[in-house]
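Worksheet: the structure to be examined is printed underneath.
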Amino acid sequence: MRVSIFITCLADQLYPEVGESVVRLLHRYGCEVDFPELQTCCGQPAFNSGYQDEAREVARGMIRAFEHSDYVVSPSGSCTGMVHHYYPQLFADEPEWLGKAEALVEKTYEFSQFLVNVLGVADVGAVLNEKVTYHPSCHAMRLLGVRDEPVKLLANVKGLELIDLPKKEDCCGFGGTFAVKMADMSEAMVCEKAGHVCSTGAGVLVGTDMGCLMNIGGRLNKENQPVRVMHLAQLLEEGVKQSESGDK
């Protein structure tokens, strides 16, 4: 199975180790992974700020970058949601590009969605003795309908205790440009989210979007809270390594 990685801006620039974990896990299940170098931003910041013409041009670049890919997998529900829900809207009046946008939508998946629903993998054989709580990001949950997939993967990690996050469906306050335009409200929201994380007593916070994890992790760090913040792919890969080291 040939898979192209859509790395996203945050993972590419700030958290490349997340992309590495995704690639290594996909390799375990026989995927041939490539990285189209033409890819850039998905256009979400421009789109959310009302710059639809600029977002459209960025989207054209993304469509060209992945035009020949069989599958496109991303470690972000937010960026995947942008492709799924807003690319067809951007090209509604351009039939040729609309067809290309819809073709990209059909083959683009968030990481956990691809692992569980396409590869049929709910147990990667990971072992991790940690108390973990999971934050479901807004776009993955509401735009893509990614709800059960991350939980299934976490539930099958041996030794892991999954603790339910209070008010887990509440936004963390990041929202990209929202955090800049509405800074006071964003801060209040992330303070509340960090409080809920700490109330679980978990040593690890896991999620599927680095925007959310960056925001919550920044707040936890500011409050000197000893909580590790990890993308789901990182946690699964760490668990796989522990399992393999225990087998030797």
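The values are calculated or read from the model by the stated rules, or taken from the named source; none is laboratory data. Bear in mind that the values here come from a model prediction, so they are computed numbers and not experimental data. Positions of Cβ are backbone-derived with ideal geometry, glycine not excepted, and every protein chain shown enters the neighbour counts.
Of GLY239, GLY203, GLY218, which residue is free of Cβ contacts under 8 Å to residues at least 60 places away in the same chain and not aliphatic (A, V, I, L, M)?
Matching residue, one of GLY239, GLY203, GLY218: GLY218.
Failed condition for LEU160, given (1) closer than 29 Å to ALA46 by Cα; (2) in contact with an Asp or Glu (Cβ under 9 Å, 6 or more places away or on another chain), with all others met?
(1) is the only condition that LEU160 fails.
Being within 17 Å of the chain's Cα centre (by Cα) and in the same structural domain as ASN48 (by TED's automatic domain parsing): is that true of SER112 here?
In short, yes.
Please specify each residue of the range 204-246 satisfying the condition of being surrounded by fewer than 20 Cβ atoms within 10 Å (Cβ to Cβ), outside any loop (DSSP other than H, G, I, E, B) and charged (D, E, K, R).
If the condition is that a residue be surrounded by fewer than 20 Cβ atoms within 10 Å (Cβ to Cβ), outside any loop (DSSP other than H, G, I, E, B) and charged (D, E, K, R), then LYS222, ARG228, GLU238, LYS241, GLU244 are the ones that fit.
Does LYS181 satisfy the condition of being among the charged types (D, E, K, R), closer than 30 Å to TYR86 by Cβ and buried (at least 19 other Cβ atoms within 10 Å of the Cβ)?
No.
Any idea which of (1) surrounded by fewer than 19 Cβ atoms within 10 Å (Cβ to Cβ); (2) over 23 Å from VAL73 (Cβ atoms); (3) at pLDDT 95 or above is the one ALA155 doesn't satisfy?
The failed condition is (2).
Only one of (1) farther than 26 Å from HIS196 by Cα; (2) assigned by TED's automatic domain parsing to the domain that holds HIS68; (3) out of contact with any Pro (no Cβ under 6 Å at 6 or more places or on another chain) is not met by ALA101, so which one is it?
(3)
Criterion first (surrounded by 16 or more Cβ atoms within 10 Å (Cβ to Cβ) and modelled with pLDDT under 95) does PRO45 satisfy it?
yes
Among the residues of the range 56-100, write down those that are surrounded by 23 or more Cβ atoms within 10 Å (Cβ to Cβ) and either basic (Lys, Arg) or part of a helix (DSSP H, G or I) (or both).
ALA59, MET62, GLY77, SER78, CYS79, THR80, GLY81, MET82, VAL83, TYR87
Please go through the range 4-28 and pick out each residue that is loosely packed, with under 15 Cβ neighbours inside 10 Å and part of a loop (DSSP other than H, G, I, E, B).
The one that is loosely packed, with under 15 Cβ neighbours inside 10 Å and part of a loop (DSSP other than H, G, I, E, B): LEU14.
Which residues, taken from the range 6-34, are under 17 Å from the mean Cα position of the chain (by Cα) and either among the aromatic types (Phe, Trp, Tyr) or not assigned by TED's automatic domain parsing to the domain that holds ALA101 (or both)? Even if it seems obvious, please write down each step before you answer.
Looking only at the range 6-34, we keep the residues that are under 17 Å from the mean Cα position of the chain (by Cα), and these are 6-26.
Correct list: PHE6, TYR15.
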